[in-house]
Amino acid sequence: MAVQQLMKAARNGTKDGLEKTKIAMMRKVSFLSKKDCTDDTEEDSGYLDVTVSEIKHPPPQLSPMPEGLSSQQVVRRHILGSIIQSERSYLDSLKRILLEYKKPLMEAEPRILSLRKIQPIFYRLKEILQCHSMFQIALASRVAEWDHTEKIGDLFVASFSKSMVLDVYSDYVNNFTNAMALIKKACMSKPAFLEFLKKKQAASTDRITLYGLMVKPIQRFPQFILLLQDMLKNTPVGHQDRLPLQLALTELETLAEKLNEQKRLAEQLAEIQQLTRSVSDRNLSKQLNSDQKQLILSETLIETVFGEKGQVLKSKERKVFLLNDMLVCANINVKGPPDISSLVPIGPKYAVKWSAPLLQVQVVEVGQETPQHKDSIYQQSGSKRLSSTNSQGKLFLGPPRLYQELQELQHDLSVVEEVTLLVGTMQGSYQNLNTTVGQDWCMALQRLIRIKEDEIQCANKCRLRLMVPGKPDKSGRPVSFTVVFSTPSPISKISWVNRLHLAKIALREENLPGWVCVEDDEKTKPPFWCPLLACRLPVFTPKMQDLKAGLYNPVHCSLLGFSAASTSLPQGYLWVASGGGDSHGQVEIFSLNRPTPRSVKSFSLGSPVVCLEYITEPSTDEELETQTSEVPSKIGNTICVGLLDGNILVYGSVDTAAQCLLTFCNPEGCPVLCLKQSANFLFAGLSNGKVAVYNRKSGGRIIGLWDPDSCRHVVIGCAPVLKLLQIDECVWASCANQVSVIEGSSLRTQSFEVHPDPMVSVTHMVRAGGGVWMAFSEGSSLRLFHTETLEHLQEINISTPSAYLSPGQKTVCVTSLLICQGLLWVGTAQGIIVTLPVPRLEGIPKITGKGMTSLNGHNGPVEFLVATSSILSQDFLKRDTPMEGGDSRSGTEDKEATNSSQESLQQVDGSPQVEAKAKGVLLQYHLRSTSQLPGKLLTARPEETSDSTQDSLEHTLEDGSIYELSDDPEVWVKGPGPSSKEAARREKVTSAAVISGGKGFRRLANSSNSSDSSENMLMVWQLPITV
């Protein structure tokens, strides 16, 4: 009877799953709230005894494809077929584990393993199998009626939004590391168990190990997400499966994020424990065992020791651990017998080589000047004697030859320039001695300098150079040594520099702690990935001015160095506008191409500023870009400024010139409250309830300006239009408690009510995925609406402890709203900032977890929140050759190749490439009057090439392409990494920061640490670089 009820629930329980999902969201019910009780419930008991018969419940099977289907319908059927096949394969893998491994071990006589060890190894696998068996029954029912319904999203919502799914998968993921450790220990202590695993693998047709099968549950939900993303891309707007698919993506992403975080924490704990066991220093062991220790990053790097002439003396693998307050370098011991490591990942044993406080570790690039401690002695790691620096105080880090040669070229260029000037003063005329000859040599040397600078840049790409404090010498002077690590890829180098930088910021007083979770009485410890307050700075000298708006102007800086890009804020400029008094406004521009913003320009306006908008030019207008190709930024992008007097100013966004290109006033003469671009139209929200729409000028020398005479008006209502938001081809305009959807070209409108109180106005709107979050002029609630059906999906309330409120404040009111990097940022009138997690994918951005409150706030309202982000140039991520980064052992003779930046990094670094001929680079400039002069031609061709053929000790491209998984057991089943083309296409490094503006600064719950309440202040939160 119980079995029949479960089968019926699996078949019929999905029909109203979507409606129940919506109701639960409206009631603020979390789908993924983990059960606190450990008692068996009815759901759990149902998992234990059910056996699904394939005779009564055959697997899903698609019927033959009917005729007359559209191309999207055909694609959707193919994706559904992939879901069916993928789920069938997954169920087969789960059954193989239980039938071919667990069952024989349980029934073996004599016993191979005790029951006490077998149960933890296969913990929760039976429950996972039952969960997916039920899903397959429901899937078969849905597949049978596919040609009539074409719905699949609500099936995933109903099947995987249950708390029991999270429970069984969480238990499995949390136990996975322990299960692998038990298998490893049993292999080493029980020869019969090792032989059992070998026989099972040899007997299988696909040769997959037990580990390869057991890792599949960890990979299951990311596979589901990819399939549903493809399905959503091929589901047209208006289709009945659109919203269910978006909700399904949200549920699966939330589930996968929770499981990934649990897996990360479990692996982090295991890594720290493994490191702690290898420490002989009792003091260091005590520090590692502290609850405050947090592992941020660990990776196997190659430590390389260079000689004085740049040759590689030795190179060895090290495991480097970046903790929240220290850096540890350890030797890697033998990982275990090969016959065991081929069946299950064997965790390495470590021997700590050195450790150092994080604040005393410095990243040093090639040619960078030595630190300011003049009384310190520097030595190279692995070298017994102290190394000396040159007379100019430069520290040459391996290979030191590159920077020295650059200085020599610069010296020669200055000499040739002086000689050319002297030749110009000669009275007589000589055949081979004239200014043309000097100019030729100057141009040739300049090209050589550029080549050498490119070589230095390449040398930095995969070289992590650290200055680490050592023990004082006999005289008591501090001694520091340099250590050079070769990273598997440029992205690895970027990650290390960025994490080191942020870890130091996290140790500042304002970030200890920086965020608290008020929902659980501040018991939850904020993770390292929380935004870190990097800096705060005043803006606008006259304190009486009020901040009104902030804007990010992305401008690529081609001169930004490799490591600077890892630590600086996103490239571009920040525009901050004030309302001032009733008569004027002011704009201040900050450069963000460094760790701290720097004010570069300020100018006044004739009227207070109300809003700012960044306008991008259509990509089809290439003529102007071609004419101005020397300008690094996009010339067509502009910035529009809306003023209180009704004027709209258009400024060029190239660097900091801030040239006003156009000024025009709306015909109504009303204050411009908001601006938004949509395609070739500019929408301006006015205070009289209308939206003014402008077209671009069809002609003119300057492309991108708006035509004031083309103004059309759209009447939205009687109240002011406070906010505009672009949604695909439409623009949403808020007026009082309603939002009107304006079609881009026809300007037809559709209105819907978003709040029951007509006296409440919509003040802020932000979009993510398939939803829009709205804030209101009164109250602390936020509401979520679907972008396509306009349905109300969720409502949340921003709660803040009364202890954080200023005297006299009773309720919280939202004054700014932003979505950035999976976080919904909420600024309040009380100066408090709250973040709430939202999905990053194409699903519905409903709140999926606990909110965090920043302990750093303003004294007054948070006037604006601005997201800044930039993508690191692909030039930084390019690999020069398939063997980039390889260091070969070479002799002490200086037989090194000097090549262009297009050559491999190992050649640039002065180490020979395996079985490769050194290539010379001839100048692309032919000397006119020096062809017959004696001496060598100016060329970058090396005089000697190395003939060493020893093997490289560094990673190949295949190793580097999966470097993030090099210490992850999943690499054992993933096989070889992607090709170089695929890797280059996927490698996208994004840096992000959030900037808030308001009056003053205060530390919540610490009134003594606050600034002048009347001073305008910017606070900058930096986020970790994402790949």
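The values are calculated or read from the model by the stated rules, or taken from the named source; none is laboratory data. This one's a predicted model, so the numbers in the text were calculated from it and none came from an experiment. Cβ sites come from the backbone with ideal geometry, for glycine too, and all protein chains shown count toward neighbours. These area figures cover heavy atoms from the full protein model, side chains too; ligands, DNA and RNA do not enter into them. Shrake-Rupley method; radii C 1.70, N 1.55, O 1.52, S 1.80 Å.
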How much FRET efficiency would the formula 1/(1 + (r/R0)^6) give for T1026 and Q427, where r is the Cβ-Cβ distance and R0 is 56 Å, rounded to 0.05?
-> 0.25
Per the C-alpha gyration tensor (a ≥ b ≥ c, the square roots of its eigenvalues), region 439-520 is rounded if a/c is under 1.5, else prolate if a/b beats b/c, else oblate; here it's oblate
For region 404-544, with all protein chains present and a 1.4 Å probe, just round the carbon and sulfur fraction of the accessible area to a whole percent.
-> 54 percent
Output the pairs from K126/K184; K353/K471; K233/K850; K103/K162 with a Cα-Cα distance over 19 Å in this structure; if there are none, say none.
-> K126/K184; K233/K850; K103/K162
Starting from the Cα of T205, move 7 Å in the Cα-to-Cβ direction to define the label point; list residues of region 75-115 whose amide nitrogen is under 14 Å from there.
-> 89, 92-93
Would you calculate the separation in nanometres between label points at A266 and E195, each defined as 7 Å from the Cα along the Cα-to-beta-carbon direction?
-> 3.2 nm
Between S1014 and T616, Cβ-based FRET efficiency (R0 41 Å, step 0.05) works out to 0.65
Per residue, how much accessible area does region 231-336 show when a 1.4 Å probe rolls over the protein heavy atoms, in square angstrom?
-> 43 Å²
For N695 and C718, what is the calculated FRET efficiency with R₀ set at 22 Å and r taken between the beta-carbons, to the nearest 0.05?
-> 0.25
Gyration tensor verdict on region 168-211 (Cα atoms; rounded if a/c is under 1.5, prolate if a/b is larger than b/c, oblate otherwise) | oblate
Once you have the Cα-Cα distance between L226 and L537, take 0.36 nm times their residue separation minus that, and quote the gain in nm to one decimal.
-> 107.7 nm
Roll a 1.4 angstrom probe over the protein heavy atoms and tell me the percent of accessible area of region 699-798 that is carbon or sulfur.
-> 47 percent
If we sort 670-678, 103-111 on the protection proxy, mean other Cβ atoms within 10 Å, highest first, what's the order?
-> 670-678, 103-111
Counting only protein heavy atoms and using a 1.4 Å probe, what share of the accessible area of region 159-202 belongs to carbon plus sulfur, as a whole percent?
-> 55 percent
Near the amide H of N666, under 5 Å away, which other amide H atoms are found, from residues 5 or more places off or on another chain, if H is placed in the peptide plane?
-> I648
Which entries of K293/K525; K548/K723; K286/K525; K293/K461; K493/K525; K216/K263 show an alpha-carbon separation above 19 angstrom in the structure shown?
-> K286/K525; K293/K461; K493/K525
Mind ordering 683-695, 233-245 by average Cβ neighbours within 10 Å, highest first?
-> 683-695, 233-245
Region 709-804 accessible area per residue, 1.4 Å probe, protein heavy atoms, integer Å², reads 41 Å²
Along region 441-447, what does the Karplus equation 6.51 cos²θ - 1.76 cosθ + 1.60 (θ = phi - 60°) give for ³J(HN,Hα), rounded to whole Hz, x for Gly and Pro?
-> 5, 4, 5, 5, 5, 4, 5
Roughly what would the spin-label model give for A1005 and T990, points 7 Å off Cα along C-beta, in nm?
-> 3.2 nm
Skip the ligands, DNA and RNA, and give the accessible area per residue of region 116-215 with a 1.4 Å probe, whole Å².
-> 37 Å²
